[in-house]
Every structure is written in structure tokens, then in C-alpha cells.
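Enquirer: Take this structure, written in C-alpha cells, and hold onto it; I'll ask about it next.
The values are calculated or read from the model by the stated rules, or taken from the named source; none is laboratory data. What you are looking at is a predicted structure, and each value in this text was computed from that prediction instead of being measured. Methodologically, a virtual Cβ is constructed for each residue, glycine included, from the backbone with ideal geometry; neighbour enumeration extends over all protein chains shown. Surface accessibility is based on the protein's heavy atoms, side chains included, excluding ligands, DNA and RNA. Shrake-Rupley method; radii C 1.70, N 1.55, O 1.52, S 1.80 Å.
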Amino acid sequence: MEQTTNSITLRGTLEALPVFSHENHGCRFFRFYLLVSRLSGVIDRLPVLAEESALCSFDLSGGSMLTVTGQIRSHNQRTDGVRHLLIFVFATSITCEDGPPINDVLIEGILCKDPTYRRTPLGRDICDGMLAVPRPFRRADYLPCIFWGRTAQEVSRCRTRDRVRIYGRLQSRNYTKLTPEGPETRTAYEVSALTAEIIDTDQ
């Protein structure tokens, strides 16, 4: 079985009480959004999925903020014949404790396609990639990633099937989608890399 490197730790505030999502193999799952501030003041609104047993362990005496640890997961959902890649945090532990915001991600996986490199109008280097992060039972999570500056330049030289390890954060980004009904505001989630290490190349 391939080793999995997929961990995330978040600390933020609960936007609203968890709501029931679904039941699987007798286990009930709930979803909620965690609001995590960046140093810049921007707030990332991040979706979290948790089993009922994790929610039952809440001890509100620890503070008003939640610390969530787990993994970043992806799920393909088909709506009206169109596939959507859903990104969320699968929580394995939730505690209540005050402290500074935390958004720490460590993932390692295989690039699904060649990275896309571009420069902003202000001359900043950006590179987009899609990482397949192994999960047990021969499954994988497909996670959009974005790289900046020198890291973007390095990753832009990678190719499909190269292995990359990323340390960064999970961020939310609003964008406008043109639909037959008119413009629609949607939210994308991606791992913003602070550092990236090219583990192996398929050259």
C-alpha cells in the first residue's frame, strides 16, 4: 500500500452550527465552514466534514475557536450532467481552544498533468498544478495547487507523473462563472504552496 502524506491543521471560528450531510455504513456525517484569517486579514471560508463522534467530543470550555486536524479530500459530484470537483477537509480530530489562526498543510503526490505557468500583469510568477494524493485502498484525492515566485518557476519545469511534496495552506477564492442564467459567484479551493520539493521526476 502506498504511503499517504496528506495532513492539515486549521484553527479558526465556526461560521454556523454543523448540519447533517449524509450517512455511510451506519456513521452519520456533518458539515460546517471554518473561518480562518490570513496575516493579510483575508478570511478563508473552508468546508469541513466530520463524523458525529468527532463533534460529540466538543468541550466548549477550551475557548471559542476550533482546531481541526485531518486530511484534504476531493469528491467528484455530477450535477445536470456536469462534473464538479468538491474539495473539503475531512476532520479526524476537533478541539476547542483559543490561539492564533492556523492553516498548515502538508501533502505529497503525483502531478496529473503538466503545470500551467503564467505571469501576472505586475510580473509575478504563478504556476497551477493538480496533484493526485494517494489514499488507502488504491484511491486518490485530486487537489488543485498554486505556486508563486521562484517555487512557481521550479514547478513549471515539472511534467505529468512527477512527484511533489508541498507545504502551504488551504485557501478559498471567489470567482465569477458565466452561466446561461447569467453571472454566478462561485468558490474555488486550492492549496497555496509556501514551499515545494520535487521528490522524483518521470524523466
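Enquirer: Give a quick list of GluC sites (Glu not before Pro) in the range 45-150 that DSSP marks as loop, anything other than H, G, I, E or B, with at most 15 other Cβ atoms within 10 Å.
Expert: Answer by residue number: E97.
Enquirer: On to the next question. Using 0.36 nm times the number of residues separating S7 and R150, minus their current alpha carbon distance, what extension gain do you get?
Expert: 49.1 nm
Enquirer: Only bridges whose two residues both fall in the range 9-108 count here: according to DSSP, what percent of them are antiparallel, nearest 5?
Expert: So the antiparallel bridges in the range 9-108 amount to around 90 percent.
Enquirer: The range 68-131: which trypsin sites (Lys or Arg not before Pro) are DSSP loop and have at most 15 other beta-carbon atoms within 10 angstrom?
Expert: K113, R124
Enquirer: Could you tell me the relative contact order of the range 61-185? Use alpha-carbon pairs under 8 Å, at least six residues apart, and round to a whole percent.
Expert: The value is 23 percent.
Enquirer: Using Cα Rg over 2.2 N^0.38 Å as the read-out, say which of (i) 1.07; (ii) 0.94; (iii) 1.12 was calculated from these coordinates.
Expert: (i)
Enquirer: Next question, about the same structure. Ordering S40, S93 by how much accessible area each has at a 1.4 Å probe, largest first, what is the list?
Expert: Sorted by accessible area, descending: S40, S93.
Enquirer: Using the Cα centre as the reference, give the magnitude of the dipole from point charges on the C-beta atoms of the range 78-187 (Lys, Arg: +1; Asp, Glu: -1; all else neutral), rounded to the nearest 20 debye.
Expert: Using only the charged Cβ atoms, the result is roughly 540 debye.
Enquirer: Treating only the Cβ atoms of Lys and Arg (+1) and Asp and Glu (-1) as charged, compute the dipole magnitude of the chain about its Cα centre; round to the nearest 20 debye.
Expert: The dipole magnitude comes to about 600 debye.
Enquirer: State, as an integer percentage, the relative contact order of the range 1-40 based on alpha-carbon contacts under 8 Å between residues 6 or more apart.
Expert: That works out to 38 percent.
Enquirer: In addition: With each pseudo-label sitting 7 Å past Cα toward Cβ, what's the R119-F137 distance in nm, one decimal?
Expert: 4.8 nm
Enquirer: Something else now. State in Å² the accessible area per residue of the range 1-129; use a 1.4 Å probe, count heavy atoms of protein chains only, and round to the nearest integer.
Expert: It amounts to 58 Å² per residue over the range 1-129.
Enquirer: What GluC sites (Glu not before Pro) does the range 146-203 have in DSSP loop regions with at most 16 other beta carbons within 10 Å?
Expert: Taking the range 146-203 and a limit of 16 other Cβ atoms within 10 Å, the loop GluC sites (Glu not before Pro) found are E181.
Enquirer: According to the square roots a ≥ b ≥ c of the eigenvalues of the Cα gyration tensor, what is the shape class of the range 78-144, taking rounded for a/c under 1.5, prolate for a/b larger than b/c otherwise, and oblate for the remainder?
Expert: oblate
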